[in-house]
Amino acid sequence: MSLSELADVGPFFALPTGQAPPADDAAAYLPPGPEALRQRIAVVSDRLGTREERVAASLAFQGIAGRLLSLTLGSVVLTGQAPDLATGALRWHPCLGAPDDLWWAAPAPPPPAQDAAAVLHEVLLPLHTATRSLTGVSARLLWGNAGSALAGALRVLHPWCLRQGRPADAGRAVALTRTLLADPLLRTTGTLHLPGGTPAFARTTCCLYYRSPGGGLCGDCVLRRRGR
């Protein structure tokens, strides 16, 4: 399976590539960084109807973490290589959702990275730092969001592999998720379980979604287990 075929798993696993962007306005696609984050936080704040910037920042970071980690998990499991998303051609449209929010602005797909954990240290860590500098939201909370996003990617990829008759790939998806969750950046974010063979994650933090109008507790939220 090629990187272009990962969209078969779901929109979070897709990475449009080529010289033409998936949406009309190429200038709206920005390098993942402070300006793209600033715009995305404003978009999320408006869509949630919240005035709490840290709530919008938390969920904006979780969204981009979900995209980057889905791309990494899916590509390693299904193609055997992690895409090097830190090479400079990756662009992010702050106003769009998956799959059109990301674009590899080059004719060829991204070259392979040496290590799947590179996405944590070379892409997500700078975004984590930028999010903190813009809003002051908890560092531990943001990494909890990344751990939850990784587990969410697994919950999509694992059953897809089983439906496709690829149990070995489903096993590899679990193994790689465990490896990434053992990275120092994610080590304290939560615990991965497989009750009945179905991936489930219990995180140690809360993404703050419950503080948005009409929001509630996510399935893996620490507050749910505390009986809030």
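The values are calculated or read from the model by the stated rules, or taken from the named source; none is laboratory data. Quantities reported herein were computed from a predicted structural model and do not represent experimental measurements. Glycine also receives a Cβ, built like all others from the backbone with ideal geometry; neighbour counts cover every protein chain displayed. Just the protein is used for accessible areas: all its heavy atoms, side chains included, with ligands, DNA and RNA removed. Shrake-Rupley method; radii C 1.70, N 1.55, O 1.52, S 1.80 Å.
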#### Entry: Rounded to the nearest 20 debye, dipole of the stretch 41-92 from Cβ charges on Lys, Arg, Asp, Glu
80 debye
### Reduced Cα scattering model of the stretch 105-228, Debye log10 I(q)/I(0), q = 0.21 Å⁻¹
-1.26
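On a 1.4 Å probe surface of the protein chains, which of L69, L185 comes out largest in accessible area, and what is the full order?
So, going from the largest accessible area down, we get L185, L69.
Send over a whole-number figure in Å² for the accessible area per residue of the chain, probe 1.4 Å.
Computed with neighbouring chains in place, this is 44 Å² per residue.
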### Message
Taking loop as defined by DSSP and a crowding limit of 13 other beta carbons within 10 Å, which trypsin sites (Lys or Arg not before Pro) in the stretch 1-88 fit?
### Response
R51
### Message
Translational diffusion coefficient of the stretch 41-82 at 20 °C, 1.002 mPa s, Stokes-Einstein with Kirkwood Rh over Cα pairs, in µm²/s as a whole number.
### Response
188 µm²/s
### Query
How are the Cα pair distances of the stretch 72-118 distributed, in percent, across 5 Å bins from 0?
5, 21, 25, 25, 19, 5, 0
## Note on the structure
So the carbon and sulfur contribution to the accessible area of the chain, 1.4 Å probe, in percent, is 52 percent
#### Entry: Cα-based radius of gyration of the chain once divided by 2.2 N^0.38 Å, which approximates compact folds
0.97
### Query
Which value in Å is the Kirkwood Rh of the stretch 1-126 over different Cα pairs?
14.7 Å
